[in-house]
Amino acid sequence: MTGFVWNEQAANAAPLSVDKVALLAGAVLAACDAKDGLKDGLISDPRRCRFDPKKLQRSAGDAATCLTAGEVETARRIYHGATSSSGRQLYFGWPQGHEDGAATGWPLWITGNGAIPPLQFLFADGYLRYFVFDPSFNLLTSDLESGVRAARPTGRFLNATNADLSDFSAAGGKLIMWHGWADAALTAFRSIAYLEEAAEKTKHGNRLGEFFRLFLAPGMHHCGGGPGPNTLDALTALESWVEHGIAPEQIVATHMTGTVVDRTRPLCSYPKEATYKGPGSVNDASSFVCRVPRDLSDHHDRFDDHEDDD
(Lines give C-alpha, C1' and ligand atoms only; values in the text may rest on other atoms or scores of the structure.)
Protein backbone atom coordinates (compact mmCIF):
# COMPACT_ATOMS: atom_id res chain seq x y z
CA MET A 1 0.00 0.00 0.00
CA THR A 2 2.95 2.33 0.59
CA GLY A 3 4.03 1.84 -3.01
CA PHE A 4 0.49 2.27 -4.29
CA VAL A 5 -0.06 5.59 -2.50
CA TRP A 6 3.33 6.89 -3.66
CA ASN A 7 2.58 5.98 -7.29
CA GLU A 8 -0.94 7.40 -7.25
CA GLN A 9 0.15 10.68 -5.70
CA ALA A 10 2.83 10.98 -8.38
CA ALA A 11 0.42 10.14 -11.20
CA ASN A 12 -2.19 12.54 -9.83
CA ALA A 13 0.29 15.43 -9.67
CA ALA A 14 1.20 15.09 -13.37
CA PRO A 15 -0.86 12.42 -15.16
CA LEU A 16 0.68 10.25 -17.85
CA SER A 17 -1.76 9.45 -20.65
CA VAL A 18 -1.84 6.05 -22.35
CA ASP A 19 0.01 7.58 -25.31
CA LYS A 20 2.67 9.15 -23.08
CA VAL A 21 3.24 5.82 -21.32
CA ALA A 22 3.68 4.20 -24.74
CA LEU A 23 6.17 6.93 -25.68
CA LEU A 24 8.11 6.28 -22.47
CA ALA A 25 8.05 2.51 -22.95
CA GLY A 26 9.33 2.83 -26.49
CA ALA A 27 12.23 5.02 -25.39
CA VAL A 28 13.15 2.68 -22.52
CA LEU A 29 13.11 -0.33 -24.84
CA ALA A 30 15.23 1.43 -27.46
CA ALA A 31 17.80 2.36 -24.81
CA CYS A 32 17.92 -0.94 -22.93
CA ASP A 33 16.88 -3.80 -25.22
CA ALA A 34 20.41 -4.75 -26.26
CA LYS A 35 22.01 -4.37 -22.82
CA ASP A 36 21.68 -8.12 -22.25
CA GLY A 37 23.63 -8.77 -25.45
CA LEU A 38 20.60 -9.57 -27.60
CA LYS A 39 18.27 -7.17 -29.41
CA ASP A 40 15.02 -9.11 -29.29
CA GLY A 41 12.39 -6.64 -28.13
CA LEU A 42 12.73 -7.71 -24.50
CA ILE A 43 14.53 -6.32 -21.46
CA SER A 44 15.83 -9.43 -19.73
CA ASP A 45 16.74 -7.72 -16.45
CA PRO A 46 15.65 -4.10 -15.85
CA ARG A 47 18.50 -3.58 -13.38
CA ARG A 48 20.73 -3.04 -16.42
CA CYS A 49 18.52 -0.15 -17.51
CA ARG A 50 19.30 3.39 -16.35
CA PHE A 51 17.08 5.36 -18.70
CA ASP A 52 16.32 8.90 -17.54
CA PRO A 53 12.85 10.03 -18.65
CA LYS A 54 14.24 13.57 -18.85
CA LYS A 55 15.66 12.58 -22.23
CA LEU A 56 12.10 12.83 -23.53
CA GLN A 57 11.57 16.35 -22.18
CA ARG A 58 11.95 19.38 -24.38
CA SER A 59 12.68 22.90 -23.23
CA ALA A 60 9.11 24.22 -23.26
CA GLY A 61 5.56 23.25 -24.10
CA ASP A 62 4.05 19.85 -24.72
CA ALA A 63 3.67 17.51 -27.67
CA ALA A 64 2.87 13.89 -28.41
CA THR A 65 6.57 13.20 -28.94
CA CYS A 66 7.82 14.48 -25.60
CA LEU A 67 7.16 14.58 -21.87
CA THR A 68 6.56 17.67 -19.79
CA ALA A 69 8.69 18.34 -16.73
CA GLY A 70 5.84 17.11 -14.55
CA GLU A 71 5.45 13.89 -16.54
CA VAL A 72 9.18 13.28 -16.28
CA GLU A 73 8.96 13.62 -12.50
CA THR A 74 6.00 11.21 -12.38
CA ALA A 75 7.96 8.53 -14.25
CA ARG A 76 11.05 9.10 -12.14
CA ARG A 77 9.09 8.74 -8.91
CA ILE A 78 7.46 5.48 -10.02
CA TYR A 79 10.82 3.99 -11.00
CA HIS A 80 12.53 5.19 -7.82
CA GLY A 81 9.96 4.10 -5.27
CA ALA A 82 8.57 5.66 -2.10
CA THR A 83 10.91 7.67 0.10
CA SER A 84 10.50 9.60 3.32
CA SER A 85 11.06 13.34 3.64
CA SER A 86 14.60 12.54 4.81
CA GLY A 87 15.28 10.40 1.74
CA ARG A 88 14.92 7.00 3.42
CA GLN A 89 13.58 4.34 1.08
CA LEU A 90 10.14 3.26 2.25
CA TYR A 91 9.33 0.84 -0.55
CA PHE A 92 10.75 -0.47 -3.79
CA GLY A 93 10.32 1.22 -7.15
CA TRP A 94 8.88 -0.36 -10.28
CA PRO A 95 11.27 -1.84 -12.89
CA GLN A 96 11.90 -0.08 -16.18
CA GLY A 97 10.66 -1.66 -19.37
CA HIS A 98 7.42 -2.68 -21.09
CA GLU A 99 5.33 -0.10 -19.21
CA ASP A 100 2.79 0.21 -22.03
CA GLY A 101 -0.32 -1.86 -22.59
CA ALA A 102 -3.64 -0.19 -21.76
CA ALA A 103 -5.16 -3.50 -20.68
CA THR A 104 -2.32 -4.90 -18.57
CA GLY A 105 0.48 -2.35 -18.08
CA TRP A 106 0.95 0.97 -16.29
CA PRO A 107 -2.30 2.43 -17.70
CA LEU A 108 -4.37 -0.28 -16.02
CA TRP A 109 -2.56 -0.32 -12.70
CA ILE A 110 -0.82 3.02 -12.10
CA THR A 111 -1.53 5.85 -14.53
CA GLY A 112 -5.08 5.18 -15.75
CA ASN A 113 -6.50 4.13 -19.11
CA GLY A 114 -9.60 6.30 -19.23
CA ALA A 115 -12.00 3.41 -18.56
CA ILE A 116 -11.61 2.98 -14.79
CA PRO A 117 -9.41 4.56 -12.11
CA PRO A 118 -5.99 2.88 -11.80
CA LEU A 119 -6.28 -0.38 -9.91
CA GLN A 120 -3.55 0.61 -7.47
CA PHE A 121 -5.70 3.59 -6.52
CA LEU A 122 -8.79 1.41 -6.07
CA PHE A 123 -6.98 -1.13 -3.90
CA ALA A 124 -5.29 1.48 -1.71
CA ASP A 125 -8.37 3.71 -1.48
CA GLY A 126 -10.63 0.89 -0.32
CA TYR A 127 -8.10 -0.49 2.14
CA LEU A 128 -7.09 2.81 3.73
CA ARG A 129 -10.51 4.44 3.85
CA TYR A 130 -12.50 1.49 5.13
CA PHE A 131 -9.95 -0.54 7.06
CA VAL A 132 -7.34 1.84 8.45
CA PHE A 133 -8.83 5.34 8.58
CA ASP A 134 -12.40 6.38 7.72
CA PRO A 135 -14.44 7.23 4.59
CA SER A 136 -13.24 10.85 4.65
CA PHE A 137 -9.61 9.80 4.07
CA ASN A 138 -8.10 11.02 0.79
CA LEU A 139 -4.96 9.14 -0.19
CA LEU A 140 -4.12 11.65 -2.94
CA THR A 141 -3.67 14.46 -0.42
CA SER A 142 -2.57 12.45 2.61
CA ASP A 143 0.87 12.54 4.19
CA LEU A 144 2.61 9.34 3.16
CA GLU A 145 4.81 8.92 6.23
CA SER A 146 2.05 9.38 8.80
CA GLY A 147 -0.16 7.09 6.75
CA VAL A 148 2.49 4.37 6.80
CA ARG A 149 2.77 4.66 10.57
CA ALA A 150 -1.00 4.46 11.00
CA ALA A 151 -1.34 1.43 8.71
CA ARG A 152 1.60 -0.48 10.18
CA PRO A 153 -0.41 -2.26 12.96
CA THR A 154 -2.63 -3.89 10.32
CA GLY A 155 0.46 -5.33 8.69
CA ARG A 156 1.25 -7.30 11.80
CA PHE A 157 -1.57 -9.73 11.05
CA LEU A 158 -1.98 -9.23 7.28
CA ASN A 159 1.56 -9.15 5.87
CA ALA A 160 2.82 -12.51 4.58
CA THR A 161 6.46 -11.46 4.66
CA ASN A 162 8.08 -13.80 7.19
CA ALA A 163 11.19 -14.99 5.35
CA ASP A 164 12.27 -17.60 7.91
CA LEU A 165 11.33 -20.76 6.04
CA SER A 166 13.21 -23.12 8.36
CA ASP A 167 10.12 -25.07 9.44
CA PHE A 168 8.85 -25.24 5.88
CA SER A 169 12.18 -26.60 4.69
CA ALA A 170 12.44 -29.07 7.57
CA ALA A 171 9.00 -30.42 6.72
CA GLY A 172 10.17 -31.21 3.19
CA GLY A 173 8.35 -28.34 1.52
CA LYS A 174 9.29 -27.09 -1.94
CA LEU A 175 8.51 -23.56 -3.11
CA ILE A 176 8.44 -22.14 -6.62
CA MET A 177 7.90 -18.40 -6.84
CA TRP A 178 7.51 -16.57 -10.15
CA HIS A 179 7.06 -12.95 -11.11
CA GLY A 180 6.85 -10.92 -14.32
CA TRP A 181 9.66 -8.38 -14.58
CA ALA A 182 7.19 -5.93 -16.15
CA ASP A 183 4.45 -6.45 -13.55
CA ALA A 184 2.82 -3.05 -13.07
CA ALA A 185 0.71 -4.21 -10.14
CA LEU A 186 3.38 -5.61 -7.82
CA THR A 187 7.04 -4.76 -8.22
CA ALA A 188 9.31 -7.73 -8.97
CA PHE A 189 12.02 -6.15 -6.82
CA ARG A 190 10.04 -7.25 -3.76
CA SER A 191 10.14 -10.90 -4.82
CA ILE A 192 13.91 -10.76 -5.20
CA ALA A 193 14.18 -9.12 -1.79
CA TYR A 194 12.06 -11.89 -0.25
CA LEU A 195 14.36 -14.54 -1.70
CA GLU A 196 17.39 -12.70 -0.34
CA GLU A 197 15.76 -12.35 3.08
CA ALA A 198 14.99 -16.07 3.09
CA ALA A 199 18.64 -16.81 2.34
CA GLU A 200 19.63 -14.77 5.40
CA LYS A 201 16.97 -15.89 7.86
CA THR A 202 16.43 -19.54 7.03
CA LYS A 203 18.68 -22.06 8.79
CA HIS A 204 21.11 -23.51 6.29
CA GLY A 205 20.14 -20.64 4.01
CA ASN A 206 23.17 -21.30 1.86
CA ARG A 207 21.25 -24.34 0.57
CA LEU A 208 18.14 -22.33 -0.23
CA GLY A 209 18.04 -23.72 -3.75
CA GLU A 210 17.28 -27.14 -2.30
CA PHE A 211 13.71 -26.07 -1.56
CA PHE A 212 13.06 -22.52 -2.86
CA ARG A 213 13.47 -21.22 -6.41
CA LEU A 214 12.46 -17.95 -8.02
CA PHE A 215 11.73 -17.48 -11.73
CA LEU A 216 11.51 -14.02 -13.33
CA ALA A 217 9.85 -13.52 -16.71
CA PRO A 218 11.10 -10.66 -18.92
CA GLY A 219 8.39 -8.54 -20.50
CA MET A 220 5.61 -10.22 -18.53
CA HIS A 221 2.90 -8.09 -16.93
CA HIS A 222 0.80 -9.01 -13.87
CA CYS A 223 0.21 -12.78 -13.90
CA GLY A 224 0.25 -12.70 -17.71
CA GLY A 225 0.15 -10.37 -20.68
CA GLY A 226 2.94 -8.25 -22.06
CA PRO A 227 5.30 -8.93 -24.97
CA GLY A 228 7.46 -11.45 -23.14
CA PRO A 229 7.01 -15.18 -22.44
CA ASN A 230 4.00 -14.91 -20.17
CA THR A 231 2.49 -18.40 -19.83
CA LEU A 232 4.24 -21.08 -17.81
CA ASP A 233 3.43 -24.35 -16.08
CA ALA A 234 4.96 -24.02 -12.64
CA LEU A 235 2.67 -26.67 -11.16
CA THR A 236 4.14 -29.53 -13.20
CA ALA A 237 7.63 -28.34 -12.28
CA LEU A 238 6.63 -28.33 -8.61
CA GLU A 239 5.14 -31.82 -8.84
CA SER A 240 8.32 -33.16 -10.46
CA TRP A 241 10.38 -31.58 -7.70
CA VAL A 242 8.24 -32.93 -4.84
CA GLU A 243 7.42 -36.34 -6.25
CA HIS A 244 10.58 -37.18 -8.20
CA GLY A 245 13.28 -34.95 -6.68
CA ILE A 246 13.91 -33.10 -9.96
CA ALA A 247 14.77 -29.53 -8.98
CA PRO A 248 13.70 -27.09 -11.72
CA GLU A 249 16.66 -25.29 -13.30
CA GLN A 250 14.36 -23.75 -15.89
CA ILE A 251 10.69 -23.57 -16.86
CA VAL A 252 9.91 -22.97 -20.52
CA ALA A 253 7.38 -20.16 -20.97
CA THR A 254 5.46 -19.20 -24.08
CA HIS A 255 4.03 -16.10 -25.71
CA MET A 256 1.02 -16.27 -28.00
CA THR A 257 -0.43 -13.89 -30.53
CA GLY A 258 -4.03 -14.91 -30.91
CA THR A 259 -3.95 -18.70 -30.84
CA VAL A 260 -0.44 -19.03 -32.26
CA VAL A 261 2.66 -19.56 -30.11
CA ASP A 262 5.22 -17.14 -31.54
CA ARG A 263 7.90 -17.23 -28.83
CA THR A 264 9.24 -19.71 -26.29
CA ARG A 265 11.92 -18.86 -23.76
CA PRO A 266 13.34 -20.63 -20.71
CA LEU A 267 12.78 -18.87 -17.40
CA CYS A 268 15.80 -19.66 -15.28
CA SER A 269 16.15 -20.26 -11.57
CA TYR A 270 17.36 -16.94 -10.13
CA PRO A 271 20.01 -15.58 -10.37
CA LYS A 272 20.49 -17.36 -13.68
CA GLU A 273 19.20 -15.73 -16.84
CA ALA A 274 18.31 -17.06 -20.28
CA THR A 275 21.34 -16.32 -22.48
CA TYR A 276 21.29 -16.66 -26.24
CA LYS A 277 23.75 -19.33 -27.42
CA GLY A 278 22.69 -19.40 -31.08
CA PRO A 279 22.52 -20.07 -33.86
CA GLY A 280 18.78 -20.65 -33.84
CA SER A 281 15.82 -18.29 -33.63
CA VAL A 282 15.65 -15.81 -30.75
CA ASN A 283 12.03 -16.91 -30.39
CA ASP A 284 12.94 -20.56 -29.73
CA ALA A 285 13.76 -21.73 -26.20
CA SER A 286 16.32 -24.20 -27.54
CA SER A 287 18.51 -21.26 -28.60
CA PHE A 288 19.08 -20.29 -24.97
CA VAL A 289 21.00 -21.58 -21.98
CA CYS A 290 20.63 -20.60 -18.32
CA ARG A 291 23.69 -18.77 -16.98
CA VAL A 292 24.52 -16.41 -14.15
CA PRO A 293 25.07 -13.01 -15.79
CA ARG A 294 28.47 -11.68 -14.79
CA ASP A 295 27.52 -8.05 -15.38
CA LEU A 296 24.94 -8.29 -12.58
CA SER A 297 27.14 -10.17 -10.11
CA ASP A 298 26.86 -7.39 -7.53
CA HIS A 299 23.13 -8.08 -7.30
CA HIS A 300 23.45 -11.76 -6.38
CA ASP A 301 26.73 -12.41 -4.58
CA ARG A 302 24.97 -14.51 -1.96
CA PHE A 303 23.82 -16.91 -4.67
CA ASP A 304 27.23 -17.46 -6.23
CA ASP A 305 27.07 -21.15 -5.46
CA HIS A 306 25.05 -21.56 -8.69
CA GLU A 307 27.19 -22.99 -11.46
CA ASP A 308 26.65 -22.15 -15.12
CA ASP A 309 25.05 -24.79 -17.31
CA ASP A 310 27.23 -26.16 -20.10
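The values are calculated or read from the model by the stated rules, or taken from the named source; none is laboratory data. Everything numeric in this text was worked out from a predicted model, so none of it was measured. Note that we place each Cβ from the backbone using ideal geometry, even for glycine, and neighbour counts take in every protein chain shown. All accessible areas refer to the heavy atoms of the entire protein, side chains included, with ligands and DNA or RNA removed. Shrake-Rupley method; radii C 1.70, N 1.55, O 1.52, S 1.80 Å.
At q = 0.17 Å⁻¹, what is the base-10 log of I(q)/I(0) for the range 4-88 according to the Debye formula with one equal point scatterer per Cα and no solvent? Please give it to two decimals. Calculated log10 I(q)/I(0) at the listed q: -0.76. Across 95, 135, 117, mean-square fluctuation computed from a Gaussian network of the chain (C-alpha pairs under 10 Å connected) peaks at 135. The modelled label-to-label distance for the pair residue 256/residue 162, using points 7 Å beyond Cα in the direction of Cβ, is 3.9 nm. Non-local lysine pairs in the chain, meaning eight or more places apart or on different chains, with alpha-carbon distances under 26 Å, amount to 17.
Note on the chain: antiparallel DSSP beta bridges, both residues inside, total approximately 70 percent of the bridges counted. Among 129, 152, 213, 50, the order of accessible area from largest down is 50, 152, 129, 213, computed with a 1.4 Å probe on protein heavy atoms. For residue 100, the accessible area of its heavy atoms, probed at 1.4 Å with every protein chain present, is near 60 square angstrom. The residue list 169, 242, 115 was ranked by how far each Cα lies along the charge dipole of the chain toward its positive end, using unit charges on Cβ atoms, and 115 comes out on top. Relative contact order of the chain, taken over Cα pairs closer than 8 Å and 6 or more residues apart, is 14 percent. Accessible area per residue was computed with a 1.4 Å probe on protein heavy atoms; residue 91 scores about 70 Å².
Surface listing: 203, 20, 54 arranged by accessible area from highest to lowest gives 203, 54, 20, probe 1.4 Å.
Simple rule: put +1 on each Lys or Arg Cβ and -1 on each Asp or Glu Cβ in the chain, find the dipole, and look at 37, 252, 126; the Cα lying farthest toward the positive end is 126. With the convex hull drawn over the C-alpha atoms of the range 170-294, the volume per residue is 117 Å³. The accessible-area ordering, largest first, of the residues 178, 106 stands as 178, 106, per a 1.4 angstrom probe. Any idea how far the Cα center of the range 99-174 sits from the one of the range 28-46, in Å? First find each Cα centre; the distance between them is then 29 Å.
Each residue was assigned an accessible area with a 1.4 Å probe, and for residue 137 the value is about 40 Å². Between the amide H of residue 223 and those of 180, distances stay under 5 Å, these residues lying 5 or more places away or on another chain, with hydrogens modeled in the peptide plane. Summing Cβ point charges (Lys, Arg +1; Asp, Glu -1) relative to the Cα centre of the range 152-217 gives a dipole of roughly 100 debye. Charge dipole of the chain (Cα centre as origin; +1 on each Lys and Arg Cβ, -1 on each Asp and Glu Cβ, all else neutral): 680 debye, rounded to the nearest 20. When the P(r) is computed for the chain, the part past 25 Å accounts for 53% of the Cα-Cα pairs. Magnitude of the charge dipole for the range 1-91, about its Cα centre and with charges confined to Cβ atoms of Lys, Arg (+1) and Asp, Glu (-1), is about 320 debye.
When Rg and Dmax are taken over the Cα atoms of the range 54-200, they come to 18.3, 62 Å.
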